[in-house]
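Below is one structure, written out as structure tokens; the observations come after it.
The values are calculated or read from the model by the stated rules, or taken from the named source; none is laboratory data. All values derive from a computational prediction rather than experimental measurement. Glycine gets a Cβ as well: all are built from the backbone with ideal geometry, and neighbour counts include every protein chain shown.
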Amino acid sequence: MSLFQKRLIAAIDTADLSHAGELAAAVAPSCGLIKLGLEFFLRNGPPGLAVAGDTPIFLDLKLHDIPNTVAGAVRALLPLGVRMLTVHAGGGAAMVSAARDAAEAAGQSRPLILAVTVLTSLDPAALQATGVTGEVSAQVLRLGQLAMAAGADGLVCSAHELAPLRAALGDHPVLVVPGIRPEGSDIGDQARVMTPLAAVQAGADYIVVGRPITQAADPGRAAAEIAASIL
């Protein structure tokens with residue numbers, strides 16, 4: 001379910017305000033949203049969001065706390081006008097529901113509440129070390145079903161879990177996929193990756209690309225090439 005015309009979300013993964021502004025300006029013509037994360041927000045606070053200009057913001061804070069605290073955090077963020085906001089599905093149904101209820105106060109301009117399932121940096125061994133046994137895909141599906149039943153608008157998941165999520169949940173969830181690497185890119189700290197076109201063909205509504213864009217010699221061109229590859 002695509003709500004923004006362009007499927008590419010550029011992750012501006014720097015806390016330096018000036019550099020973030022330069023990157024955002026370069027990639028904006030090719031992006032549906034600009035993703036700003038925890039490191040950036042802690043350094044620069046709400047005023048820092050101005051670096052995105054007129055491009056909608058995906059604020060990726062991955063909220064995870066008791067329901068009352070997460071609801072209060074969402075209410076505190078509503079005046080910023082961000083369009084996507086993340087919570088951890090692992091916080092439980094009551095927490096996800098509280099986040100959605102709090103977001104409703106903004107009416108039609110409310111942010112989409114996206115629940116993070118299993119971080120793309122976790123492989124099966126790392127997940128098992130946390131006490132979760134079984135396949136990564138099974139945990140993603142479990143958390144995805146829980147979050148959607150609790151009122152989430154969509155999920156953040158690896159491209160490798162798109163097929164089982166679509167099979168179980170249909171077209172309704174907005175599926176946002178990080179861990180995207182163009183052919184030949186360094187995968188860095190990501191364990192479960194896929195190319196941009198393959199992810200879209202597998203059912204992603206939006207793809208999130210960070211370092212292959214922000215560390216490119218020409219970030220604007222890199223973003224444009226990725227956007228063109230998924231048209």
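Observations on the model:
- Of everything in segment 162-191 that is in a loop (DSSP other than H, G, I, E, B) and closer than 19 Å to Gly37 by Cβ, the residue that is modelled with the highest pLDDT is Pro178.
- Taking the conditions (1) within 16 Å of Leu146 (Cβ to Cβ); (2) touching a residue at least 40 places away in the same chain (Cβ under 8 Å); (3) assigned to a helix (DSSP H, G or I) in turn, Val118 satisfies each one other than (3).
- Residues of segment 138-160 satisfying the condition of being closer than 14 Å to Ile207 by Cβ and not in a strand (DSSP E or B): Cys157, Ser158, Ala159, His160
- Of Ala149, Ala125, Ala217, Ala227, all but one fail to be closer than 30 Å to Gln108 by Cβ and more than 18 Å from the chain's Cα centre (by Cα); the exception is Ala149.
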